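*Asks:* There's a structure below that I have some questions on.
FYI, it's all coordinate maths here, none of it is from the lab. Given the structure is predicted, the values throughout are model-derived calculations rather than measurements. Here the Cβ positions follow ideal geometry from the backbone for every residue, glycine too, while neighbour counts run over all protein chains shown.
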Amino acid sequence: MAYVIGGTSAISDDAYDDIHAHVSSIQRIWGDNRYHTAERVGYYVVDIMNNASPDGFVDQAFFVRGDTYPDALAAAPVAFARKAPIILVRPNELPVESARLISFAPIKTGVVIGGTSAVSAAVKSQIDSGLVANGGFATQRWYDANRFETATEVARFSVMYRWLDLDTVGVAVGTNYPDALGGGTALGAYGSPLLLTGSNSVPSATATFLSQREYMLGGMEIYGGTQAISAAVETQLESYLK
């Protein structure tokens, strides 16, 4: 089964037909905007888990800013591993589409990814009120000063809660999304975190995370060619594998 996410302005009917030619079944999931599309994806996650797992849906979600990508990239592997949806919000507004999903699923626990410039305290409070109304608890917030540091915090908490492990760690450039988007799916299937790096230097937060755990790392996957991540950065990253 293949899922095509987005309407025809994102993925044309011709592209849809080309994909369909290579798979036995296909489903397009889309909405009027990115928040509506994420809502509909969330419904599929809930439905699939309620039908596929003896324990059903985990009643959990990860909340990220919807108008930019870094926090969503960091959240993708743990959301996949937890079989939980990623719900998009605006920095200063909880979209009606996202509020509907919180109520319908229902979502009872969750994590807000990013600081208050990404998801304001007021929006987090709205989310928390919805979770508590569903019989759940206020969200945690995982964040730090920038996208690289936030990604290491997501990895740290995910490993601490044993939702992910360090048998493998993935690394992708943090200034663009395609490599991390593709790699994050694989890492979710592995149960492993995604870290972000610069093209020509390893951010201190990423280096510290790896150096402090160098004897715990089972392996590493680096996503993208040398135009995305230079050979020098690749050499430095691989030096943390002992």
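*Asks:* Tell me, what is the FRET efficiency for GLU238 and ALA133 to the nearest 0.05, using R0 = 45 angstrom and their Cβ-Cβ distance as r?
*Replies:* That gives a FRET efficiency of 0.40.
*Asks:* What is the sum of charges, Lys and Arg at +1 and Asp and Glu at -1, for the other residues whose Cβ falls under 11 Å from the Cβ of GLY224?
*Replies:* Net charge around GLY224: -3.
*Asks:* Using alpha carbons only, how many angstrom separate the centre of the stretch 92-140 from the centre of the stretch 1-73?
*Replies:* Centre-to-centre (Cα) distance: 20 Å.
*Asks:* I'd like the FRET efficiency for GLN140 and ASP13, computed as 1/(1 + (r/R0)^6) with the beta carbon distance as r and R0 of 35 Å, rounded to 0.05.
*Replies:* For R0 = 35 Å, the calculated efficiency reads 0.25.
*Asks:* Report the equivalent ellipsoid semi-axes for the stretch 1-158 in whole Å, largest first, defined as the square roots of five times the eigenvalues of the gyration tensor built from alpha carbon atoms.
*Replies:* Numbers: eigenvalues 138, 66, 48 Å².
Square roots of five times the eigenvalues give 26, 18, 15 Å.
*Asks:* Further, regarding this structure: So, how do all the Cα-to-Cα distances of the stretch 92-137 break down into 5 Å bins, in percent, from 0 on up?
*Replies:* Taking every Cα pair in the stretch 92-137, the percentages come to 5, 24, 33, 26, 11, 1.
*Asks:* Listing ILE113, ILE5 from the residue with the fewest other Cβ atoms within 10 Å to the one with the most, what is the order?
*Replies:* ILE5, ILE113
*Asks:* Sorted from largest down, what three extents in whole angstroms do the Cα atoms of the stretch 140-242 have along their principal axes?
*Replies:* 35, 28, 26
*Asks:* If R0 is 45 Å, what FRET efficiency do you get for SER211 and ILE48 from their C-beta distance, rounded to 0.05?
*Replies:* With R0 = 45 Å, the Cβ-Cβ based efficiency is 0.70.
*Asks:* Equivalent ellipsoid semi-axes for the stretch 69-162, as square roots of 5 times the alpha carbon gyration tensor eigenvalues: give them largest first, rounded to whole Å.
*Replies:* Equivalent-ellipsoid dimensions as semi-axes: 20, 15, 12 Å.
*Asks:* So for the pair ASP165, SER103, with labels modelled 7 Å out along Cα→Cβ, what separation do we get in nm?
*Replies:* 4.1
*Asks:* Next question, about the same structure. Does anyone have the angle between helix 147-160 and the longest principal axis of the chain? Alpha-carbon axes, 0 to 90°, nearest 10?
*Replies:* 80
*Asks:* What are the ³J(HN,Hα) values, in whole Hz, obtained from phi via the Karplus relation 6.51 cos²θ - 1.76 cosθ + 1.60 with θ = phi - 60°, for each residue of the stretch 114-125 in sequence order, with x given for Gly and Pro?
*Replies:* For the stretch 114-125, the Karplus-derived couplings read x, x, 6, 6, 8, 9, 5, 4, 5, 5, 4, 5 Hz, x marking Gly and Pro.
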